[in-house]
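The values are calculated or read from the model by the stated rules, or taken from the named source; none is laboratory data. Just so it is clear, the structure is predicted and the values come from calculations on it, not from any experiment. Here Cβ is always computed from backbone atoms with ideal geometry, including for glycine, and neighbour counts include all displayed protein chains. Keep in mind that these areas ignore ligands, DNA and RNA; they rest on the heavy atoms of the full protein, side chains included. Shrake-Rupley method; radii C 1.70, N 1.55, O 1.52, S 1.80 Å.
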Amino acid sequence: MARRKKIYEGKAKIMYEGPEPGTMVQYFKDDTTANNAEKKAVIEGKGVLNNRLSEFFMTGLTQIGVPNHFIKRLNMREQLIRSVEIIPLEVVVRNFAAGSMCKRLGMAEGTPMPRPIIEFYYKDDALGDPLVSEEHIIAFGWAQQQDLDDMVALALRVNDFMSGVMMAVGIKLVDFKIEIGRIWENDFHRLIVADEISPDSCRLWDVETGRKLDKDVFRRDLGDLADAYTEVARRLGVLPTNVTHAPKPTLIN
Ligand code: UDP
């Protein structure tokens, strides 16, 4: 097979040149990092699950008219996506307090937000992805006012969709992060949801028990991360076809 050109390798994914202009292949690795890559591990099967889960969420978004980069899944670990110019911001939506919001504002984990709170973090590993304000974003030219309005609208639609899908399977969407990219059509651009949507970038709690089913399991050593992601995939009816936990067939006499 011809070698593909690697465009970029990140902490959890690799991007390759796609088969046609304007496309890329996104490969999901098993590598897992936390705390700005201070903590690292390889969790077998995580990439396969995230490839499937991101396909599931992006396909659902397409069905309700939320534009995103997903074109089709190619195999267990790869999907074909539209290439975008990534806006260098992580867009976080919070429905309940957790993680850095608890630390920053001294809130108890799980405190409900009066309304979904949207935050922007500047994507810069060396700086530890600092929280930035809309003033910073506009003044430093990371996005324009119209982009900001569009990003907020996209983030809220993703939140409503994801909250509903997860609640239907007994899981509370506490918070999540998305990345947004520009696609250019002549001199105009529009914004679409890019990167991935998976338990790596969401906080998901079981409604009944409060069990964490997201990357906090790894961040806080709460158990087996692949088990938690498998549980999410199982509840959503999304499991890789050739990974089965069914017992071996036995002969019936
Ligand atoms: N998040 C992410 N990538 C990052 C930082 C955060 O996907 O680089 C997600 C994280 O999984 C959580 C949400 O964004 O669902 C909010 O994260 P938070 O600001 O609380 O930071 P954390 O506690 O994860 O460092």
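No other residue among Leu148, Leu156 is of a type in the set (A, V, I, L, M, F, W, C), surrounded by 11 or more Cβ atoms within 10 Å (Cβ to Cβ), within 16 Å of the ligand (Cβ to nearest atom) and at pLDDT 95 or above apart from Leu156. Residues that are crowded, with 16+ Cβ neighbours inside 10 Å and more than 17 Å from the chain's Cα centre (by Cα) were ranked within segment 77-115; the one that is farthest from the ligand (Cβ to nearest atom) is Phe96.
Considering segment 165-198, the residues that are out of contact with any strand residue (DSSP E or B) (no Cβ under 9 Å at 6 or more places or on another chain) and not in a loop (DSSP other than H, G, I, E, B) include one that is nearest to Thr62 (Cα to Cα), namely Glu185.
Taking each residue of segment 26-41 that is under 18 Å from Pro130 (Cβ atoms) and open to solvent by 70 Å² or more (accessible area, probe 1.4 Å) and looking for partners that are part of a loop (DSSP other than H, G, I, E, B) and within 14 Å of the ligand (Cβ to nearest atom) with beta-carbon atoms closer than 8 Å, six or more apart or interchain, yields Asn36/Gly128; Asn36/Asp129. Could you look through segment 128-142, keep only residues that are surrounded by fewer than 11 Cβ atoms within 10 Å (Cβ to Cβ) and part of a helix (DSSP H, G or I), and pick out the one that is farthest from the chain's Cα centre (by Cα)? The qualifying residue farthest from the chain's Cα centre (by Cα) is Ala139. Residue selection: Ile14 fails the criterion of being open to solvent by 10 Å² or more (accessible area, probe 1.4 Å), within 16 Å of the ligand (Cβ to nearest atom), of a type outside the set (Phe, Trp, Tyr) and farther than 30 Å from Pro112 by Cα. Whenever a residue of segment 199-219 is in a loop (DSSP other than H, G, I, E, B), its partners that are among the hydrophobic types (A, V, I, L, M, F, W, C) and more than 8 Å from the ligand (Cβ to nearest atom), lying with C-beta atoms within less than 6 angstrom and at least six residues away or across chains, give the pairs Pro199/Val232; Leu213/Leu204; Leu213/Ala228; Leu213/Val232; Asp214/Leu204.
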